[in-house]
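Bear in mind that the values in this text are calculations on the coordinates, not laboratory data. A quick note: this is a predicted structure, and the numbers were derived from the prediction, not measured. In this analysis, Cβ positions are derived from the backbone assuming ideal geometry, glycine residues included, and neighbour counts consider all displayed protein chains.
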Amino acid sequence: MGVDMGEPRGVHVPVLLERCLELLAPALELPGAVHVDFTLGLGGHAEAVLERHPDVILIGLDRDTEALAHARRRLERFAGRTHLVHAVYHELPRVLDELEIPAIHSGLFDLGVSSLQLDEADRGFAYAQDAPLDMRMDQSRGMTAEEIVNTYEPGELVRVLRQYGEEKFAPRIVSAIVRERAKARITSTARLAELVKDAIPAAARRTGGNPAKRTFQALRIEVNGELDVLESAVPHALDALAPKGRLVVMSYQSLEDRIVKRALTARSRSTGPIDLPVELPGTGPTLRLLTRGSEPPSEEEVAANPRAASVKLRAVERIDEQEQGRRHNQAPGTGRERPRMAGPARGRKPE
């Protein structure tokens, strides 16, 4: 059973829409701006960008063919300035090469599972609804969650649940899975959720929401290779950013946010020796952080859109080396004086 393809609008609320648009606006207003929606989904964020910035060219990527079909219908009135591509977000270099676009000015990642994938029971992402154990974001290829649950060696299953679900009861859950699959193949989300619930001690089930949440997250990440893809996707996006270009990333769990934080902060710091009075050419930061750490959603946002409750937003801007050089009265590529750290006030101990 699929989704009604005739009604792509109004079926989801884009997370942190106004905050994303606010952060991206200076880049979207650059001449010839190209915006990449790395996780197009149902096209809510993309539609708002195209409506408010009539000169922007959009590249929309999604591995989910069903989501792409919805987004194509939703954005058809902007067809003259959109490129919607069936691709995973780490494939950006190939997509830009095929479109003959040398750089991008703005980009948005809205990671995790889309509203479409959660709301359609037959996709197998939701532990609260019975469905085949699929969990593939791209249903045209790849291994399903059913195959993983029924064929992985016990040690590998424990690794997946621990590494991707941070599930401390992984050995107990895997033992229950192995016993069950020896009797009959596990094929449904409801049966798997029941096995997980029964394997976790009763005291631990009283807090933390549905006890199957971590197991389902871990299987979904394994099925789609999400973290491996993200590890390469964020650097590719940063490499493609033009000067003054901006990138916004929204994560929904700590494993994703850790990868994003590491990639962004690495480029916001100098890589030169810290004891030199000047920054050597090519060692200065290439990014400016636009958020102080990760931004959580407001109470109003969560009330309007409960799926925003766990979101962590980070944003950066690509430093314009020409402008930076002018500010320091130097040509690009020459060393500049490091900013000096202020010492403690006289008579006071440093905190």
### Task
Find, to one decimal place in angstroms, the Kirkwood hydrodynamic radius of the range 175-305, where the mean of 1/r is taken over every pair of different Cα atoms and then inverted.
19.0 Å
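GLU194 to LEU99: extension gain in nm, 0.36 nm per residue of separation minus the Cα-Cα distance?
Values: separation 95, 0.36 × 95 = 34.20 nm, distance 4.74 nm.
Here the segment from GLU194 to LEU99 would lengthen by 29.5 nm.
Could you work out Rg/(2.2 N^0.38 Å) for the range 201-268, with Rg from alpha carbons only? Please list the in-between numbers first.
Numbers: Rg = 16.1 Å, N = 68, 2.2 N^0.38 = 10.9 Å.
After normalising by residue count via 2.2 N^0.38 Å, the value is 1.47.
The range 164-255: which chymotrypsin sites (Phe, Trp or Tyr not before Pro) are DSSP loop and have at most 10 other beta-carbon atoms within 10 angstrom?
On the way: sites: TYR164, PHE169, PHE216, TYR252; in loops: PHE169, TYR252.
Here no chymotrypsin sites (Phe, Trp or Tyr not before Pro) fit, given the DSSP loop and packing criteria.
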### Task
Report, by chain and number, residues whose modeled amide H sits under 5 Å from the one on HIS83, excluding near sequence neighbours (fewer than 5 apart, same chain).
LEU58, ILE59, GLY60
### Directionally averaged projected area (convex hull, Cα atoms, the range 3-104), nm²
6.3 nm²
### Task
Using a Förster distance of 30 angstrom, determine the FRET efficiency expected from the C-beta separation of GLU166 and ALA69, and round it to 0.05.
0.30
